[in-house]
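What follows is a single structure, written as structure tokens, with notes after it.
The values are calculated or read from the model by the stated rules, or taken from the named source; none is laboratory data. Model, not experiment: these values are computed from the prediction. As a convention, Cβ positions derive from the backbone with ideal geometry for all residues, glycine included, and neighbour counts pool all protein chains shown.
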Amino acid sequence: MNRIRIAIQKSGRLSERSLELLQKCGLRFVRSKDKLYWYGQDFPVDLLLVRDDDIPRILLDGVCDLGIVGQNTAREVILEDDSRELEELRRLEFGGCRLSIAVPEQSNIKEISDLNGCRIATSYPALTEDLLQQRGIKAAMVKLSGSVEIAPGLGTADAISDLVSTGTTLRANHLVELGVLFESTAALYGQRGNLPAEKQTLLDRLLARLDGVLQAAESKYVMLHAPRNAIEEITRLLPGAEHPSLMNLESDPDRVALHAVCRETLFWEHLESLKGAGASAILVLPVEKMLG
């Protein structure tokens, strides 16, 4: 039987979250002795654990069918190879970071628009150059595979383009963030239209499960009691709710029990508004799985 092979990061910021996501989709794995290949038990999906920088090229070479990798890494390879064969199948909303421009604290460069003709040290030269060209800026890329933040101090670059999460590394190296070029998150990628029919059927099943997990992560199940004459107003106040279920309350014929799935974030302000509209006994629960 055909099996799907997924490449994920061996170690690093995306590794644990990628595995957790797949396990929530009902996938269970047996680890190999070298811990680089995991065999799927309950669903014909196997894992290959590799460096994140290698994942896009592994997909392009056909070694794996799918890969979970940062959008920044995937776009760098797409631009380097001038290839459009990689397709982003799902944005996964974890592993968020930003590709930012930073300069030394005492630099005369005060805005991104001042970078014309400057040298920029980065591990993402193709992506940085493309994003700057979209702004009409031409700069020389200095490609470095690591320790990008030390380049200005060594005199090899005027600025850096690097991934930033908290900014701690920038401050430690006396750098100031000028602005963000690109917001990145983890995503599921595959080769565009390159699967045989049996594998495509498996992929469709996997994507349906994945959609259910992603929707559940953003959704809440709400139960409350409401006056019958306030049902319309309370339904309007529930963010992203679709057709709530109503049940009669034997103890009070003028009120009903209302159950609804909210597909958008539910804040305290929403609960306060619901209470103000007459709702009581409001209970908000997490949703583990959804299949719509």
Out of the residues in region 82-127 meeting the condition of being within 30 Å of residue 203 (Cα to Cα) and of a type in the set (Asp, Glu), tell me which one is surrounded by the fewest Cβ atoms within 10 Å (Cβ to Cβ). 82
Can you name the helices (runs of 4 or more DSSP H) wholly within region 1-119 that have at least 2 residues being among the polar types (S, T, N, Q)? 15-24, 71-81
Just to be sure before I move on: is residue 57 among the basic types (Lys, Arg) and in contact with a helix residue (DSSP H, G or I) (Cβ under 8 Å, 6 or more places away or on another chain) in the structure I sent? yes
Can you report the number of residues in region 40-49 which are surrounded by fewer than 19 Cβ atoms within 10 Å (Cβ to Cβ) and of a type in the set (Val, Ile, Thr)? 0
Looking at residue 197, is it crowded, with 18+ Cβ neighbours inside 10 Å, small (Gly, Ala, Ser) and either in contact (Cβ under 8 Å) with a residue 60 or more places away in the chain or not assigned by TED's automatic domain parsing to the domain that holds residue 114 (or both)? no
Would you tally the residues in region 206-239 being buried (at least 16 other Cβ atoms within 10 Å of the Cβ) and either acidic (Asp, Glu) or without any contact (Cβ under 8 Å) to a residue 24 or more places away in the chain (or both)? 1
Filter region 190-224 down to the residues that are modelled with pLDDT of 90 or more and touching a Pro at 6+ places or on another chain (Cβ under 7 Å) and list them by number. 202
Which condition number does residue 151 fail, the rest of (1) over 19 Å from residue 182 (Cα atoms); (2) assigned by TED's automatic domain parsing to the domain that holds residue 14 being met? (2)
Sort out which residues of region 236-290 are of a type in the set (A, V, I, L, M), within 26 Å of the chain's Cα centre (by Cα) and over 12 Å from residue 222 (Cα atoms), and write them in order of number. 290
Please verify whether residue 63 is more than 24 Å from residue 204 (Cα to Cα), surrounded by fewer than 22 Cβ atoms within 10 Å (Cβ to Cβ), in contact with a helix residue (DSSP H, G or I) (Cβ under 9 Å, 6 or more places away or on another chain) and not acidic (Asp, Glu), treating the condition exactly as stated. no
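Listed here are the residues, each with its yes/no results for (1) among the aromatic types (Phe, Trp, Tyr); (2) within 26 Å of residue 217 (Cα to Cα); (3) touching a residue at least 12 places away in the same chain (Cβ under 8 Å); (4) surrounded by fewer than 16 Cβ atoms within 10 Å (Cβ to Cβ).
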position	(1), (2), (3), (4)
12	no, yes, yes, yes
24	no, yes, yes, no
32	no, no, no, yes
72	no, yes, yes, no
Can you find even one residue in region 245-267 that is surrounded by fewer than 16 Cβ atoms within 10 Å (Cβ to Cβ), in contact (Cβ under 8 Å) with a residue 40 or more places away in the chain and closer than 23 Å to residue 21 by Cβ? yes
